[in-house]
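Everything below concerns the one structure shown next.
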Amino acid sequence: MRLILLGPPGAGKGTQAVSISEKYKIPHISTGDIFRYNIKNQTELGEKAKAYMDQGLLVPDEVVVEIVEDRLKDQDCKQGFLLDGFPRTVNQAEALEAVLKGMSTGLDKVINIEVDKEILVRRAVGRRICKNCGATYHIEFNPPGKPGICDKCSGELYQRDDDNEKTVGKRIEVYLDETQPLIDFYQEKGKLVTINGNNDIAVVFDKIIESLEGRD
Ligand code: AP5
Ligand code: ZN
């Protein structure tokens, strides 16, 4: 299955991506995670990306497209993939179409997760991530058993630099300007399924699976 997860910051893309990629045994490719990995390891790419991410702005298209293009050539993407946070501009979406055409393949579905704006801010600001295994929690909606400690590996939880109210506001603005047009882009191609992401994590997951398996 070749899928894209579309939705504003805090919509639950990363949370759902983990379960979807597990269910269909396809790699979860998050451009945000790739950048954060590079920032942590102080690479040249990380340094370049950090300046944009800290302001809530998009990393330039040419940088992102090259990374995804390389990743999609990996052997584990031959059976499918789940893109999370890419594409984010019409330019990136067109570049992806060209890359997939070059690989004689195409997308199956684009899952658009819709969430009300006030909820988005609360979700992003309350998010905590495990330093060790990357598991995502929420201080209110999905808290760990012990505050600040990962249930899965006992790692320490941290807050992303861009998860403060000001930067989240900017990221939502950028989403509306640059990424929302992709909803029409994929609707016209007949690939779009829209999911109400205001519900609980498990309910949203069930709706996604229903829509992928044609049971809706
Ligand atoms: P990226 O890492 O992609 O962040 P984002 O799109 O802003 O999305 P988030 O990770 O904030 O949210 P999410 O939808 O994954 O939500 P999550 O599941 O964690 O990008 C970061 C930056 O990198 C960008 O600003 C940009 O600078 C750069 N970048 C990345 N890709 C790029 C690209 N293609 N082009 C250019 N630049 C790019 O959930 C959020 C919280 O809510 C969690 O705490 C979770 O536990 C909780 N939660 C989730 N679902 C529910 C639910 N149903 N009910 C209650 N709580 C929930
Ligand atoms: Zn952990």
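The values are calculated or read from the model by the stated rules, or taken from the named source; none is laboratory data. Treat the numbers as computed from the prediction; the structure is a model and nothing was measured. Don't worry about glycine lacking a Cβ; one is built from the backbone with ideal geometry, like all the others, and counts go over all protein chains shown.
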Extreme residue, nearest to ligand 1 (Cβ to nearest atom), among residues of region 142-179 that are in contact with a Gly (Cβ under 7 Å, 6 or more places away or on another chain) and in a loop (DSSP other than H, G, I, E, B): Asp162
Across region 114-138, which residue is nearest to ligand 1 (Cβ to nearest atom) among those that are among the charged types (D, E, K, R) and out of contact with any Lys or Arg (no Cβ under 8 Å at 6 or more places or on another chain)? Arg123
Could you say which residue among Glu210, Glu188 is more than 27 Å from Tyr37 (Cβ to Cβ), exposed (fewer than 13 other Cβ atoms within 10 Å of the Cβ), more than 16 Å from the chain's Cα centre (by Cα) and at pLDDT 95 or above? Glu188
Quick check on region 75-91: of everything there that is charged (D, E, K, R) and in contact (Cβ under 8 Å) with a residue 40 or more places away in the chain, which residue is surrounded by the most Cβ atoms within 10 Å (Cβ to Cβ)? Asp84
Going through (1) part of a strand (DSSP E or B); (2) without any contact (Cβ under 8 Å) to a residue 60 or more places away in the chain one by one, Leu5 fails only at (2)
How many residues does region 142-164 contain that are away from ligand 2 (no atom under 16 Å from the Cβ), surrounded by fewer than 16 Cβ atoms within 10 Å (Cβ to Cβ) and at pLDDT 95 or above? 1
Which number in (1) under 17 Å from the mean Cα position of the chain (by Cα); (2) more than 17 Å from Asp162 (Cα to Cα); (3) within 11 Å of ligand 1 (Cβ to nearest atom) marks the one condition that Ser30 misses? (2)
What pairs can you find where one residue is in region 127-139 and within 9 Å of ligand 2 (Cβ to nearest atom), the other is of a type in the set (Phe, Trp, Tyr), and their Cβ atoms are less than 9 Å apart, with a gap of 6+ or different chains? Ile129/Tyr137; Ile129/Tyr158; Cys130/Tyr137; Cys130/Tyr158; Lys131/Tyr158
Which listed residue is aliphatic (A, V, I, L, M), over 17 Å from Thr31 (Cα atoms) and buried (at least 18 other Cβ atoms within 10 Å of the Cβ), from Ile129, Ile67, Ile113: Ile113
Could you list, in sequence order, all residues of region 73-94 that are under 18 Å from Gly32 (Cβ atoms), in contact with a helix residue (DSSP H, G or I) (Cβ under 6 Å, 6 or more places away or on another chain) and of a type outside the set (S, T, N, Q)? Leu82, Asp84, Gly85, Phe86, Pro87, Arg88, Ala93
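Conditions tested, residue by residue: (1) in a loop (DSSP other than H, G, I, E, B); (2) over 15 Å from Thr179 (Cβ atoms); (3) more than 16 Å from ligand 2 (Cβ to nearest atom); (4) more than 18 Å from the chain's Cα centre (by Cα).
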site	(1), (2), (3), (4)
Ile39	no, yes, yes, no
Leu45	no, yes, yes, yes
Tyr52	no, no, yes, no
Leu57	yes, no, yes, no
Leu82	no, yes, yes, no
Ala93	no, no, yes, no
Leu96	no, no, yes, no
Ser104	yes, yes, yes, yes
Of (1) buried (at least 17 other Cβ atoms within 10 Å of the Cβ); (2) free of Cβ contacts under 8 Å to residues at least 60 places away in the same chain, Gly56 satisfies every one except (2)
